[in-house]
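Nothing in this text is a laboratory measurement; each read-out follows from the coordinates by a stated rule. Note that the structure is a prediction, hence the values are computed from the model and not measured. When we count neighbours, we look across all protein chains shown, and the Cβ atoms used for this are built from the backbone with ideal geometry, even at glycine.
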Amino acid sequence: MRKLIGSCNHVAQYDLRNHEGRIFFVSDLHGHYSLLHEALRDVAFDSSKDLLFSGGDWTDRHIDSQYVLDYINEPWIHSVQGNHEAMYIEGFEAHWHPNNRSVMTLKAHGGEWIWRCDDLTKILIHEAFCSMPLGIELLLPNDTLVGIVHAEVPYNDWNQFLCAKPEEVMWNDKATAQWARSWYKKRYQGNVKGVDFVLVGHTPTESGNIEKLGNMIFTDSGAPWNKRINFIELNEDFIRRMK
């Protein structure tokens, strides 16, 4: 069902054209796992056949972030790497030096939970975050192709994102996929080429609800402030409205 694709194996492709369970999406939980529990309960989520995809940013801004491994290690959860995962990786690999840029940013944006974790837990979180791809591609029934990145698709072209050279992925694509906000800020109504639509988080929407701009679907509810999440089922009705 899962295979790594792209010039650097930086995108995980899931062929779900014959998947029998339901498919859900959520992004930017930022440690608010109780909201996820409520959403899973409300839809009677069946972990034996249902799947949950995520746009990343599992941690920070809530003390429960220290329990992130209880979630991302579940076989039914599949996530891209967001900017908060990337900052954790950089901080870890800098041995949490207080002058490291990512360490300072994490401390300023709800990362104090990290220093509550023991060394083994920090290592395991680092390994789990490093294993997350930069993008996810979903092959769904009726020839539907859905992209997932945390922030924006580099080049506004899914195929170009897949084919980018290693140095482009490292120095350009990663920054765009994890940090960019220009599409939403400019209210751009264009389309990312090569996909039916793209699910992203990162930028909290003004309404707190799902907002569609072109074929980019912005889903970040601003959970740390609004205390709710946008929990989406990728069913026929949703796909029809987004395409």
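The Cα trace of the stretch 1-85 gives Rg and Dmax of 13.6, 40 Å, the first to one decimal, the second as a whole number. Karplus-based coupling profile of the stretch 198-215, in residue order and whole Hz: 10, 9, 9, x, 6, 9, x, 6, 4, 7, x, 9, 5, 10, 10, 10, x, 10, with θ = phi - 60° in 6.51 cos²θ - 1.76 cosθ + 1.60 and x standing for Gly or Pro.
A crude spin-label estimate for the pair A44 and D70, with each label 7 Å from Cα along the Cβ direction, gives 2.5 nm.
How high is the relative contact order of the chain? Use alpha-carbon pairs under 8 Å, at least six apart in sequence, and give a whole percent.
In percent, rounded to a whole number, it is 23.
For the stretch 31-169, what relative contact order do you get, as a whole percent, if you take Cα pairs closer than 8 Å and at least 6 residues apart? Reported as a whole number, the value is 23 percent. Taken about its Cα centre, the stretch 2-242 carries a charge dipole of roughly 580 debye when the Cβ of each Lys and Arg holds +1 and the Cβ of each Asp and Glu holds -1. If R0 equals 30 Å, the separation of the Cβ atoms of C130 and S34 corresponds to a calculated FRET efficiency of about 0.65. For the chain, the mean residue ellipticity at 222 nm estimated from helices alone is -7500 deg cm²/dmol, where every DSSP H run of n ≥ 4 contributes -39500 (n - 2.57) and the total is divided by all residues, rounded to the nearest 500.
Residues C117, C163, ranked from the fewest to the most other C-beta atoms within 10 Å, line up as C163, C117.
Per-residue extension of 0.36 nm, minus the Cα-Cα distance of D143 and R116, leaves a gain of 5.1 nm for this segment. Can you say what percent of the DSSP beta bridges in the chain, counting only those with both residues inside, are antiparallel? Round to 5. DSSP beta bridges in the chain are roughly 40 percent antiparallel.
For a modelled paramagnetic label at S207, 7 Å from Cα along Cα-to-Cβ, the residues of the stretch 168-184 in reach, with backbone nitrogen under 20 Å, are 182-184.
Kirkwood hydrodynamic radius computed over the chain comes to 18.0 Å, based on all pairs of distinct alpha carbons. Relative to one another, the C-alpha centroids of the stretch 204-226 and the stretch 79-135 are positioned 24 Å apart. Here the Karplus relation 6.51 cos²θ - 1.76 cosθ + 1.60, evaluated at θ = phi - 60°, turns the backbone of the stretch 115-127 into coupling constants of 7, 8, 8, 6, 4, 5, 4, 4, 5, 5, 5, 4, 4 Hz, with x for every Gly and Pro. Size estimate for the stretch 104-196 follows the Kirkwood approach: the inverse of mean 1/r over distinct Cα pairs works out to 15.6 Å. Here, the stretch 148-235 has an Rg and a Dmax of 13.2, 40 Å when only alpha carbons are counted. Here the Karplus relation 6.51 cos²θ - 1.76 cosθ + 1.60, evaluated at θ = phi - 60°, turns the backbone of the stretch 80-93 into coupling constants of 7, 8, x, 5, 6, 5, 5, 5, 4, 4, 5, x, 4, 6 Hz, with x for every Gly and Pro. Under a 5 Å amide H cut-off, with hydrogens placed 1.01 Å from N, D157 pairs with K193 among residues at least 5 apart or on other chains.
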